[in-house]
Amino acid sequence: MKVLIFPTASEAIASVADRVLDEVKRKASAVLGLATGGTMEAVYDRLVLRAQVDDVSFANVKSFNLDEYWGLPPDHPASYHTYMRERLFERIDIKLANTRLPRGDRTDAAAECRAYEAAIANAGGIDLQLLGIGRNGHIGFNEPTSSLASRTRVKTLTEATRQANAAFFDRPEHVPPCALTMGIGTILDARACVLLAIGSAKSAAVAKAIEGPVAATCPASALQLHGDMTMVLDREAAVGLTLIDYYQSVHPDGAQIGAGDPCAPPAASPATD
Ligand code: F6R
């Protein structure tokens, strides 16, 4: 797991947006796994801006979102369909037909979840999965005690998660009690994952996710099992990490390993003949 700790929130956000853009530059037909929530708003703003400046097309990109509230139709103002249309899809040249979120308005949730898993597989799997983290360590809407092998399914939300998302609804009691979410197993199948956490409210969950035991009580800790996992943090989100000095020494202020890499192969020895 790569742990990048940036001095400020805006640098952490820029790093994540740029990582997504780099993926699309590398592979024009990239399959992106996308997230919603407050943390991602600034990431999408930056991504839209950078796509314009660098003239990067999303016309061949496909996307799958992590989750959607069960019971909300796509045109509901607080649905994640609406969030994604307004914050990203309508601001870049991605084809709406190539974007997909679980449908919260289907009658048969199990069939919708099976179809969602099949659609991800048909697209060739997810190249880069974007993640936020809940204060209780959830990823997607995989609340604590979610099976670490879980697939897309209906999940009951904790009261704390419903409260944390109440600001997006007219009244707190309007937050739906359940959501459709990719499972932890689904997330772990992505070829690469990047998680962004900002602010001290996330520091306890971040510490458990990175340094705690792998346990269903902190779903994000399952990411320790992923072979290409990057945690992007600002200083406040990193304060609970025991090995913070180590992470900072390897990636000073979030820098990727460059010329000073102590693990770089030794320079070729000069010819002696
Ligand atoms: C939503 C999602 C959630 C959020 C998490 C953090 O698609 O995946 O796991 O990332 O609830 O939300 P914020 O960023 O609002 O703190």
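Which of the residues spanning region 130-174 are in contact with a strand residue (DSSP E or B) (Cβ under 8 Å, 6 or more places away or on another chain) and away from the ligand (no atom under 12 Å from the Cβ)?
Scanning region 130-174 gives Pro144, Ser150, Thr152, Arg153, Val154, Thr156.
So, of the residues in region 50-89 that are of a type in the set (Asp, Glu) and touching a helix residue (DSSP H, G or I) at 6+ places or on another chain (Cβ under 9 Å), which turns out to be farthest from Asp127 (Cα to Cα)? Explain how you work it out, then say what you get.
First pass over region 50-89, keeping only residues of a type in the set (Asp, Glu): 54-55, 67-68, 75, 86.
Those left that are additionally touching a helix residue (DSSP H, G or I) at 6+ places or on another chain (Cβ under 9 Å): 54, 67-68, 75.
On the way: Asp54: 21, Asp67: 17, Glu68: 21, Asp75: 28 Å.
Step by step, filter region 50-89, then rank; the result is Asp75.
Can you give me the number of residues within region 102-112 that are open to solvent by 10 Å² or more (accessible area, probe 1.4 Å) and not in a helix (DSSP H, G or I)?
The qualifying residues number 5.
Identify all residues within region 51-89 that are among the hydrophobic types (A, V, I, L, M, F, W, C) and more than 18 Å from the chain's Cα centre (by Cα); write none if there are none. Before you say what the answer is, go through the steps one by one.
Of the residues in region 51-89, the ones among the hydrophobic types (A, V, I, L, M, F, W, C) are 51, 53, 56, 58-59, 61, 64, 66, 70, 72, 78, 84, 88-89.
Residues satisfying the conditions are Ala51, Val53, Val56, Phe58, Ala59, Trp70, Leu72, Ala78.
How about region 205-237: which of its residues are open to solvent by 30 Å² or more (accessible area, probe 1.4 Å), in a loop (DSSP other than H, G, I, E, B) and farther than 17 Å from Thr161 by Cβ?
Correct list: Pro213, Val214, Gly227, Asp228, Arg235.
Restricting to region 241-273, what's the tally of residues that are at pLDDT 80 or above and loosely packed, with under 10 Cβ neighbours inside 10 Å?
Within region 241-273, residues that are at pLDDT 80 or above and loosely packed, with under 10 Cβ neighbours inside 10 Å number 4.
Write out, first by first residue and then by second, each pair whose Cβ atoms fall under 7 Å of each other, whose residues are 6+ apart or on separate chains, and whose first residue, in region 71-91, is in contact (Cβ under 8 Å) with a residue 24 or more places away in the chain and of a type in the set (Phe, Trp, Tyr) while the second is surrounded by 17 or more Cβ atoms within 10 Å (Cβ to Cβ) and assigned to a loop (DSSP other than H, G, I, E, B).
If the second residue must be surrounded by 17 or more Cβ atoms within 10 Å (Cβ to Cβ) and assigned to a loop (DSSP other than H, G, I, E, B), the pairs left are Tyr80/Thr36; Tyr80/Leu101; Tyr83/Thr36.
The values are calculated or read from the model by the stated rules, or taken from the named source; none is laboratory data. Only a predicted model underlies this, so the values are computations on that prediction, with no experimental measurement involved. Every residue, glycine among them, receives a Cβ derived from its backbone with ideal geometry; neighbour counts consider all protein chains shown. Only protein heavy atoms, including side chains, enter the accessible area calculation; ligands, DNA and RNA are left aside. Shrake-Rupley method; radii C 1.70, N 1.55, O 1.52, S 1.80 Å.
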